[in-house]
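Comments concern the structure below.
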Amino acid sequence: MSSLTELSSPFIEIVLKDLLSFMSSPSHSDVALPVAAMKVMLNVIKRSKAITMTGLLQELETAKEGMLGLAASKDICGFRSHIPLQSGCELFMRYVTRSFYEMSSDFELCIKEVLLRGETFAGMSLTARQSIAEHGCEFIREGQVILTHGYSRVVASLLKMAAEKQKKNFSVIVLEGRPEGGGARAAAVYSEANIPVTVVLDSAMGYAMEKADLVIVGAEGVVENGGVVNKIGTYALGITAKALNTPFYVAAESYKFARLYPLNQADLPRVETGELRFADTTLPGKLEEIDVKKDLITVDNCVIDYTPANYITLLFTDLGVLTPSAISDELIRLYA
Amino acid sequence: MSTEEEKEAEKARKKAEKAKRAAEFAAKNPNGFTKPKEKLSKAERRAKQEAQRAAKANEADKSKSSSKNPKNPKNPSSNVDIGSNNDPQASASRQVLSSSPQTLALPPPILNNSNGNSNRKQNTPPRKSSTSSNVPFSQPPSTLNAQSLFSHLSPPMKPPLTKTLSPPPQTSKSIHPSTVTLCNAYSRFSITGSNSRCIAMLECFKKIIGDYEPPKDKVMSMDLTRVLKENFKVITESRVHSISMGNAFTFLKNFVTKIKHNEETSVSKDNLLLAIDQFIEKTVQFASDVIAKEGSTKVKNGDVILTYGCSTSVKKLFAKALDQGKDFRVIVVDGRPELEGKKMLGYLQELGIHVTYVGYNSLSYVMKEVSLVLYGAAALLSNGSVVCRVGANGVTLVAGAYRKPVLVCCETYKFSKKVQIDAITHNELTPKPDEFKSSPCSDWVGVKYDVVGEGVAGIVTEFGIVPTTSVAVILREME
């Protein structure tokens, strides 16, 4: 406990500065938050003056807590959860301890090896998207209609690979993805890759499902029971897909495998975001906000939901194409 | 009209011929699929032949009177409960189910039950024990179903155990007095619950090992294995061993076989006793402490937790959650005849947790307000089936109907490589409760366990919460 307080403020300040610079630098615009967190942790190891493994792990733990704290307060995650950040940190720490146990007792040598391995690990996480796209695009066939939800970098790279490299002709229906409207952004990306896109409201989910041959979504976290935590609406999409017998695929990097076991929606970690505003967009002219600041009215803007494993057909990951039950097997192997 | 009758008679004749051929086939292939047939005594053979003859005669009678059900060659009366099902395959498989293997220790594998081999019935030797019901003929039809469904299970032991208390003379030296005491406790159900039974057995083995002196001309590891095996056999005769006991015994046996030849006896014994103590401490007790910690993360303020039975790890979990200052209340659902929930009720009241105690019949009434269902398991099988106290399957189904998450607590030493898809093929019968002893209804079918195939959201183990599909992976990782 005492070492924790000793490490605190100046230490965390450097960590957070590091994280923010990673997030804001233009060359890293395509870097996911967990990968940035891993790089931050690598820097922590480089700077560390710890002489034991326990000391080093303590520093990493403090760095993790600091980053999670920043994510909660400063909203660097946007309308997203801190789950990928947490899972990225935890996996990296697991990686470090594993390397330590496999290595000799020489701490200096061990640190060198950990740094080396850590770099490759962070690098692997960057190439993950590429390998997921390679696995996933095999599931897309000529002339299909693909339904997706909001904007996901993994899904985008997958669809782009299918269209540009494999020259497949298919079309995409994308849900708007309120509140941040990732769907519109996704539509721009897809049309640039010459993929015909239709944008529909989130509430058109059932209407659009009838036309879809398959559903592909990204994930913020893949949880231990094989389900996924993702942008709000994914659960409803999964239920609709199941009801209409449409395959439901999830594309996610393995660094998003989280040590979470949600039992239902109420069991998810609460992510605080700002309150949303509501307006009638069909009216011509200026948008007039509808007042929801009355007594008896509660606005509940949950940003994530949990899709249980039984709604998921397959998961495209950098470890291969996995069934939901294989996820927990991977996690047991990682942490047991 | 008359031609129809002729047709019926013709059909019945063919059926009888088929049965005859089947009997011949059975005689030629006495081994069937599962295990070697026991040698029949002369009297037993005669009894079997007579039974076959009677069946045939009965068949002929039936065909004459153009009975509605000419298809069942062996047990005409058993058709009563099967109802109007005339499918020969189906009735054959039912017959197989009602056939009686001799021991519970080797129940028929599930797959063999469903292959519809109608020869099996004739193949089965007459029942050894006269206490188990001789299914057809004399029984009222309504009880036939349940009776015949579980007739392959050996009848519950009746205390006092005169039979097991006097072991055969050549082995009697190996049977330790504490084994006899333990057997009595098991058969009287004064020690129940898979953890308690396992610990009691290991304590008994500790006494056996403590008093053990290897004969001069024998190797300790081999001789001690024999002694332990003999004692274990006697223990299992008092009450069928639980999977926890089986796994613990396997652990012990493996340890004994590793005893070095040149080691001092006292050193080996000390090592063994230490290993047993560590097993109890780590694998059983510490595991349930970790389970309590892992499971308590799922208890939130304002939760209403429904529990069934009286599991050690669930009790620890409640205590842990209370320690963490969580505000929750518990509904204890209890089922007859054991009413184990009473123990849970007493325990929770002592802790000062708000408890509601309801009977099994109010299950669906209380389920609405529940936020989590939690119970302990006797074993987990590699296909993800949960073996637990009878009644838990009903609780799980009702919870599923109300969309309530179900968590099952189970230490990994109770994980088994076995596969079971129903609670019929392998179970344990309970003795008739006292209140029914004088009842005119003479049949009692009580089973001990349920097998829960689906509806379980997760298993709380000492490795964290895992889905039921991961049992096989954990078993592999543990090796």
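The values are calculated or read from the model by the stated rules, or taken from the named source; none is laboratory data. This one's a predicted model, so the numbers in the text were calculated from it and none came from an experiment. Heads up, the Cβs are rebuilt from the backbone with ideal geometry, glycines too, and the neighbour counts pull from every protein chain shown. Heads up: the accessible areas ignore ligands, DNA and RNA and are worked out on the full protein's heavy atoms, side chains in. Shrake-Rupley method; radii C 1.70, N 1.55, O 1.52, S 1.80 Å.
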At B:Ser266 and B:Leu351, where each label point lies 7 Å from the Cα along Cα→Cβ, what is the point-to-point distance in nanometres? 4.5
Name the chymotrypsin sites (Phe, Trp or Tyr not before Pro) in the stretch A:276-336 that are in a loop by DSSP and that have at most 13 other C-beta atoms within 10 Å, would you? A:Phe278
For B:Lys417, which aspartates and glutamates qualify as cross-link partners when the Cα separation must be under 16 Å and same-chain residues fewer than eight apart are set aside? B:Glu477, B:Glu479
Gained length - B:Tyr402 relative to B:Thr257, 0.36 nm times residue gap less alpha-carbon distance: 47.1 nm
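In peptide A:323-332, what is the residue-averaged number of other protein chain Cβ atoms found within 10 Å of each Cβ?
Mean shielding by partner chains, rounded to a whole number: 5.
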Using a 1.4 Å probe on the heavy atoms of the protein chains only, list every residue of the stretch A:249-276 that has 40 Å² or more less accessible area in the complete assembly than in its chain alone. A:Tyr261, A:Leu263, A:Asp267
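Among B:422-430, B:211-219, B:382-390, A:217-225, how do they line up by average Cβ neighbours within 10 Å per residue, starting with the highest?
Final packing ranking: A:217-225, B:382-390, B:422-430, B:211-219.
Keeping every protein chain present and rolling a 1.4 Å probe, give me the accessible area per residue for the stretch B:177-287 in Å². Working shown, then result.
Working: 5330 Å² over 111 residues.
Result: 48 Å² of accessible area for each residue.
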Shape call, chain A: gyration tensor on alpha carbons, a/c limit 1.5: prolate
How big is the B-A contact in terms of buried accessible area, both chains counted, 1.4 Å probe, rounded to the nearest 100 Å²? 1300
Can you bin every Cα-Cα distance in the stretch B:299-478 into 5 Å intervals starting at zero and give me the percent of pairs per bin, rounded to whole numbers? 1, 8, 17, 20, 20, 16, 10, 5, 2, 1, 0
What FRET efficiency do you get for A:Arg333 and B:Lys11 if R0 is 51 Å and r is their Cβ-Cβ distance, rounded to the nearest 0.05? 0.30
GluC sites (Glu not before Pro) within the stretch B:227-325: which are DSSP loop residues with at most 16 other Cβ atoms inside 10 Å? B:Glu263, B:Glu264
For the peptides B:312-324, A:250-262, what is the packing order when you average, over each peptide's residues, the other Cβ atoms within 10 Å and list the highest mean first? A:250-262, B:312-324
Fraction of accessible area attributable to carbon and sulfur, the stretch B:177-287 (%, probe 1.4 Å): 56
Cross-link reach from B:Lys229 to aspartates and glutamates, straight Cα distance under 17 Å and at least 8 residues apart if same chain, gives B:Glu203, B:Asp211, B:Glu213, B:Glu237
Taking a straight Cα-to-Cα line shorter than 19 Å from B:Lys343, and setting aside same-chain aspartates and glutamates fewer than 8 residues away, one finds B:Asp334
Pairs B:Lys316/B:Lys368; B:Lys315/B:Lys404; A:Lys17/B:Lys293; A:Lys64/B:Lys414; A:Lys211/B:Lys404; A:Lys17/A:Lys49: which are spaced more than 27 Å apart, C-alpha to C-alpha? A:Lys17/B:Lys293; A:Lys64/B:Lys414; A:Lys211/B:Lys404
For the stretch B:177-287, restrict the atom set to alpha-carbon positions and state the Rg and Dmax in Å. 13.7, 42
Helix A:2-24: angle to the longest alpha-carbon principal axis of chain A, degrees 0 to 90, nearest 10? 40
Across the residues of B:454-465, average count of Cβ atoms on other protein chains within 10 Å? 3
Residues with amide H under 5 Å of B:Gly458's amide H, sequence separation 5 or more or different chain, H placed in the peptide plane at 1.01 Å from N; which? B:Val406, B:Val408
Here, trypsin sites (Lys or Arg not before Pro) of the stretch B:220-292 satisfying both criteria (DSSP loop; at most 12 other Cβ within 10 Å) are B:Lys258, B:Lys260
Per-residue ellipticity at 222 nm attributable to helices in chain A (runs of n ≥ 4 DSSP H, -39500 (n - 2.57) apiece, nearest 500 deg cm²/dmol) works out to -15500 deg cm²/dmol
Rounded to 0.05, the calculated FRET efficiency for the beta carbons of A:Glu288 and B:Lys368 at R₀ = 45 Å is 0.60
Under 5 Å from the placed amide H of B:Arg389, counting only residues 5+ away or on other chains, we find B:Ala378, B:Asp450
Cβ neighbours within 10 Å from other chains - mean over B:469-478: 4
